[in-house]
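The values are calculated or read from the model by the stated rules, or taken from the named source; none is laboratory data. Everything numeric in this text was worked out from a predicted model, so none of it was measured. Counting neighbours? That spans all protein chains shown, and the Cβs are built from the backbone with ideal geometry, glycine included. Side chains are part of the model used for accessible areas, which takes the heavy atoms of the whole protein and leaves out ligands, DNA and RNA. Shrake-Rupley method; radii C 1.70, N 1.55, O 1.52, S 1.80 Å.
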Amino acid sequence: MEAITSSYKIACSQVVKTLEYMPESQLNKIPQTVVEYYKKNMDKEYPFEIDTNSTLSEQQYSKDAAIILTAIYKRYLFDENENKKIDAVLKENSIKLEKQKKELYKTDEIFGKKKGKKLKIENIDTQMTVYKESIFTKVAKSFKNIFWKK
Amino acid sequence: MEKELLEKIIKNQDKVVYFMVNSIAEMVRIDSETGNSYMDLSEMITQDEDALSKLSTNNLALVFSSLLGDSKAKTKIEEMLMAKVKAGENIFSGINAEYDHMGFFYSTTWSDMLSNFSEENQSSILKAIEERFNNFKTENEAMYNIADYLQDYLNISNFFSCYDRGIFSEKAVAVMKKIIDKDLNIFNAMNFNMMQDEFLNLNEDSLMHILRYPNLSSKLLLIKDNAPELLDAFINEVNSIQGNEHISTVYEEIERMASCFAQNYSSLNGRSSQEAIDLSLKNFKLREKYLENGKQGQSIEEFLDEEFQKTIQNESKIEEKYSSFTQESLRRDKYEIIFNKYFSISLEDAERIVKEYGEDFSSIEEGLDDVSKETLGKIKAILSLENLEELNQLFAGKHLSITTEIVPAKSMIAIESSYREAYAKTYTKSFNSTANKISEEIQNGNVSFVEADGKQVLVVKLTTPFNFLIHSSDTGFKGDKELTNNSFKETWTNTEDTSHHLVATANIDESFMGMAPIGKNGVYYGFVPNNPQNINLMGNHDIDSHVRISKYAAHDPKYISQEKMPYSSRRVYSEFAIEKAIPDYVIIFDDMDETKLENAYKAASEFGIPVVSINKREVVKNQEENLENLMDEYRKSHSLVDLEKIIKTFETNKAGWLLNRVDEKDETFTESIQHTEFAETFNNLGIKIREILSEFQKNASIEDLKSLRSVLESEAKLYKSQNELNVPFTKVKMSDFLTITLEETIELVKNNDITQEDVAKETHRLIAAEKGIEPEQTEVEEK
């Protein structure tokens with residue numbers, strides 16, 4: 001059984017919210033069991049709002065959420081020709097990453113001057129998108145401050 | 001402590017009567033001294049015989065009228081009042097029958113007062129008034145003929161009280177005759193104490209306006225008795241502005257001066273007339289604090305400076321962990337003082353002004369004077385400042401980008417009026433063209449005649465375009481209205497609407513036909529006012545205009561130009577309050593039943609005005625053709641501007657027929673509005689528009705998609721801002737338009753450096769989920 005990480009749960013929340021905003025004509029193409037899977041695994045406490053003034057790529061998605069959405073769109077929404085265009089970009093990104101890895105894992109540099117760079121890349125891979133503090137969180141914090149004063 | 005408070009109440013009894021209920025400031029001042037509640041105060045005064053005996057007859061009667069149920073106190077006061085009646089005293093000398101009087105603790109009415117007496121006492125009181133009235137004919141026939149127009153015992157009693165005190169001079173008699181001639185409603189609403197010579201120095205229009213509102217009269221009587229010099233200042237100021245300033249400015253100043261002078265006559269004592277007037281026109285919040293706490297000889301400007309310095313001292317004391325809370329509160333305190341100092345308005349007013357007049361500013365900019373334009377711009381700029389230090393600089397007049405000069409209170413009132421007028425002007429032009437079109441049809445003989453009430457009523461068939469303000473005389477909102485003497489005209493001129501100086505109307509034109517329904521005895525009256533000063537309140541939704549108060553007030557009004565108003569209204573109708581006048585037309589529609597048509601013809605016959613006939617089916621046909629034309633234009637241009645026009649026009653047209661609601665049953669007063677026969681037309685148009693939208697999205701650039709979404713979002717916001725009453729409306733579903741496109745997905749992949757491996761891993765999960773199994777138990781298969 002696959003372990004579900006907390007960052008994946010957050011990604012599921014973002015995906016479910018996005019699906020709520022999807023037109024029925026497109027949503028109907030996604031199997032209900034798939035939608036249920038993401039609902040089941042989502043972090044129900046996680047607040048996420050879609051900014052309807054922004055494009056898909058400008059939403060504050062975590063990388064995991066962006067991956068899930070791409071996978072969904074590719075599998076259920078786009079036709080063969082459209083998928084070829086997406087595949088080309090995915091391939092480009094894979095090659096780019098591969099190159100970066102090769103650069104980073106040159107044996108003579110692992111413990112050398114580029115150590116810092118490696119760590120930086122690792123950070124990128126694992127970092128979560130930072131979200132603006134929601135108003136509810138702020139209010140809750142303020143209340144805590146009041147009670148804790150005593 | 002209680003004794004002292006009681007003495008204070010007795011000493012200021014008239015003031016307490018007028019302000020106990022209305023003025024929060026006064027209430028707090030009394031309550032804060034003792035911690036007493038309203039009820040405690042009521043009990044304290046009614047239990048104390050000595051205190052009761054010190055009340056004037058008028059105030060004793062008001063206390064009596066506010067008592068509920070049976071009590072010893074009530075019996076005692078009734079005895080005291082009846083003893084006065086038996087001694088020949090008029091216990092209703094300062095009271096008249098219309099509307100609410102401020103009782104000591106609750107607002108009361110004539111019927112409250114009378115019904116508190118025992119049945120026996122009630123009939124003896126009424127009998128005494130009746131006998132006096134019957135004998136009055138022989139006593140003074142000329143005055144009897146005037147009193148004979150009165151319809152209520154209490155008003156007659158009020159009239160006799162003033163007559164007996166000899167306050168009716170020849171001038172007063174002439175004024176009363178004029179009022180009877182001009183508006184019998186006012187005669188039946190007025191307090192005859194206002195016929196004292198001092199008040200007759202007021203110009204006729206202002207006096208008539210004041211007489212409609214007994215509470216306003218009461219304040220002026222209080223000023224006359226306690227500070228005659230302030231009454232002189234009031235009268236001089238009102239006479240100097242009437243006719244020279246916008247009517248809404250005059251009414252606003254009347255209300256502000258009367259309230260401030262009546263409430264603060266002691267504190268204003270010793271100040272010059274001009275200073276008293278200037279203070280009265282300022283926002284009340286800090287002004288009251290200044291009048292109560294300001295130091296001897298200190299000007300309000302010095303007081304505000306001192307208050308601001310206090311906020312600066314507080315600023316330095318903010319603890320880090322409470323900063324977000326305190327800073328916001330401090331920011332609002334500073335704003336309050338800044339707006340009071342430089343504009344004589346409160347922060348709340350500043351925010352309101354920007355909200356009410358700022359949305360469609362570009363449409364009226366040309367018609368405004370420089371001061372009005374700059375003032376709104378400056379208020380907006382100030383409101384956008386967030387930094388406390390910037391506010392400090394601003395207050396000190398040292399802000400780098402915002403210059404600060406004091407705009408006097410009087411100018412601020414006038415600026416608001418000029419905004420109202422500028423917006424109103426965008427309508428009068430269009431109303432004139434409708435009026436001209438109707439006149440031309442009549443001149444060219446394109447009319448028909450219908451007989452009603454023995455007269456020939458002229459019917460003009462009107463085609464698009466047109467623009468009216470339309471009033472539904474009986475919305476059925478509170479049940480069907482009864483007609484006065486079976487006459488529409490009498491119902492319009494002599495009804496319970498005595499205090500109304502405004503009429504609530506809806507604005508209809510060929511694109512937006514939203515209006516209130518009419519009930520069994522209802523008629524649609526059409527107005528095409530050509531004087532912008534007569535259009536004073538407007539909003540793109542039901543603004544619940546307060547037609548029964550002397551100034552202009554409504555719930556969330558919003559001023560929008562004629563060109564844009566229909567396109568911003570999504571809730572039943574857009575509301576306009578206009579000065580009450582005889583209607584220009586009666587309007588009929590092709591879907592009215594026989595009764596409503598008969599009503600319309602009868603009303604037109606009584607008023608002697610034409611009937612304008614509008615065919616809704618033709619209006620829908622024109623709307624359909626217009627939308628088809630817009631779609632054709634789009635198909636040629638593929639421009640977002642054309643697409644926006646289609647969306648806004650479609651939503652506007654549909655909302656006007658109330659076809660923008662969900663299928664839930666309408667249980668509101670608009671239930672009777674049925675335009676389902678047009679639903680199919682709009683459904684078909686909707687399908688075509690959606691096709692166009694999908695096509696646009698397929699080919700649109702990211703930038704165009706963003707622009708489209710902002711158009712759709714603004715539509716959704718219109719519904720959100722107007723959907724406060726939980727009436728079931730269809731909000732624009734953003735999801736209907738948020739189709740996922742290839743371009744956006746590619747952007748998403750690029751921006752997140754998503755690789756083939758990432759997607760393959762997730763696809764593995766998708767396949768598992770499709771089969772309803774956990775991810776590890778399946779293998780990736782290509783699809």
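Remind me, what semi-axes does the stretch B:195-311 give for its equivalent ellipsoid, largest first in whole Å, using sqrt of 5 times each Cα gyration tensor eigenvalue? It would help to have the intermediate numbers written out before the result.
Values: eigenvalues 151, 45, 27 Å².
Over the Cα atoms of the stretch B:195-311, the semi-axes work out to 27, 15, 12 Å.
Remark: the Cα gyration tensor places the stretch B:503-624 in the oblate category, a/c being 1.5 or greater and a/b not exceeding b/c.
What number, in nm² with one decimal, is the all-direction average of the projected area of the convex hull of the alpha-carbon atoms of the stretch B:364-432? Before the final figure, lay out the partial values.
On the way: hull surface 22.0 nm².
Spelled out: convex hull of the Cα atoms, projected over all directions, averaged, 5.5 nm².
Summed over both chains, the area buried between B and A is near 4600 Å², taken from the accessible surface of protein heavy atoms with a 1.4 Å probe.
Need one number for the stretch B:329-460: average projected area of the convex hull over its C-alpha atoms, nm².
Numbers: hull surface 49.6 nm².
With the hull built on Cα positions only, its mean projection is 12.4 nm².
If you wrap a convex hull around the Cα atoms of the stretch B:260-401, how much volume per residue is inside, in Å³? Please report the intermediate quantities before stating the final value.
Values: hull volume 20.5 nm³, N = 142.
Residue-normalised Cα hull volume stands at 144 Å³.
What's the ranking of B:703-711, B:521-529, B:373-381 by average number of surrounding C-beta atoms within 10 Å, highest first? Show your work: numbers first, answer last.
On the way: B:703-711: 16.2, B:521-529: 24.1, B:373-381: 17.8.
Ranking, from highest mean packing down: B:521-529, B:373-381, B:703-711.
Per-residue Cβ counts within 10 Å, from other chains only, averaged over A:86-93: what number is that? Can you show the working numbers first?
On the way: counts 7, 3, 2, 9, 11, 2, 5, 10.
Mean number of neighbouring Cβ atoms from other chains: 6.
If a/c stays under 1.5 just call it rounded; otherwise compare a/b with b/c (prolate if a/b is bigger, oblate if not). Do that for the stretch B:141-196, with a ≥ b ≥ c from the square roots of the Cα gyration tensor eigenvalues. It is rounded, given that a/c, with a ≥ b ≥ c, falls under 1.5. Taking packing as the residue-averaged number of other Cβ atoms within 10 angstrom, the listed peptides B:148-161, B:114-127 run from highest to lowest as B:148-161, B:114-127. The listed peptides B:352-362, B:286-296, ordered by packing as a protection proxy, come out as B:352-362, B:286-296 (highest mean of other Cβ atoms within 10 Å first).
Taking Cβ atoms as reference points and 13 Å as the exclusive limit, the residues near B:LEU126 contribute a net charge of -3, counting Lys and Arg as +1 and Asp and Glu as -1.
Where the only charges are on Cβ atoms (+1 Lys, Arg; -1 Asp, Glu), what is the dipole of the stretch B:214-278 about its Cα centre, to the nearest 20 debye? Please report the intermediate quantities before stating the final value.
On the way: 4 positive and 10 negative charges, 42 e Å.
Dipole size: approximately 200 debye.
How many percent of the alpha carbon pairs in the stretch A:10-81 exceed a separation of 17 Å? Within the stretch A:10-81, distances greater than 17 Å cover 41 percent of Cα pairs.
For the stretch B:609-698, trypsin sites (Lys or Arg not before Pro) are listed when DSSP marks them as loop and at most 11 other Cβ atoms sit within 10 Å of their Cβ; the list is B:LYS665. Each of B:ILE588, B:ILE614, B:PRO566 was placed along the dipole of the stretch B:554-624 (beta-carbon charges, centred on the mean Cα), and the one lying farthest toward the positive end is B:PRO566. Phi-derived couplings, Karplus 6.51 cos²θ - 1.76 cosθ + 1.60 at θ = phi - 60°, listed residue by residue for the stretch B:698-708: 4, 9, 7, 6, 4, 4, 5, 5, 5, 5, 4 Hz, with x used for Gly and Pro.
Shielding by partners for peptide A:62-70, expressed as the average number of C-beta atoms from other protein chains within 10 Å of each residue's C-beta, is 6.
Considered as an equivalent ellipsoid built on the Cα gyration tensor, the stretch B:246-286 has semi-axes of 18, 10, 9 Å, the largest given first.
Quantify how strongly other chains surround peptide A:33-45 by giving the mean number of their Cβ atoms within 10 Å of each of its Cβ atoms. The partial results should precede the final answer.
On the way: counts 7, 7, 1, 2, 8, 3, 0, 1, 2, 0, 0, 0, 0.
Average per residue, whole number: 2.
Under the shape rule built on the C-alpha gyration tensor, where the axes satisfy a ≥ b ≥ c, the stretch B:565-629 is oblate, since a/c reaches at least 1.5 while a/b does not exceed b/c. Here's the picture: charge each Lys and Arg Cβ at +1 and each Asp and Glu Cβ at -1 in the stretch B:328-441, and of B:ILE337, B:SER372, B:LEU385 the one pushed furthest to the positive end of that dipole is B:ILE337.
Normalised by the number of residues in the stretch B:287-418, the average gap of Cα pairs under 8 Å and 6 or more apart makes the relative contact order 24 percent. Cα centroids of the stretch B:394-410 and the stretch A:23-70: 50 Å apart. Among residues other than B:LEU462 whose Cβ falls under 13 Å from its Cβ, what is the net charge (Lys/Arg +1, Asp/Glu -1)? Cβ neighbours under 13 Å give a net charge of -4.
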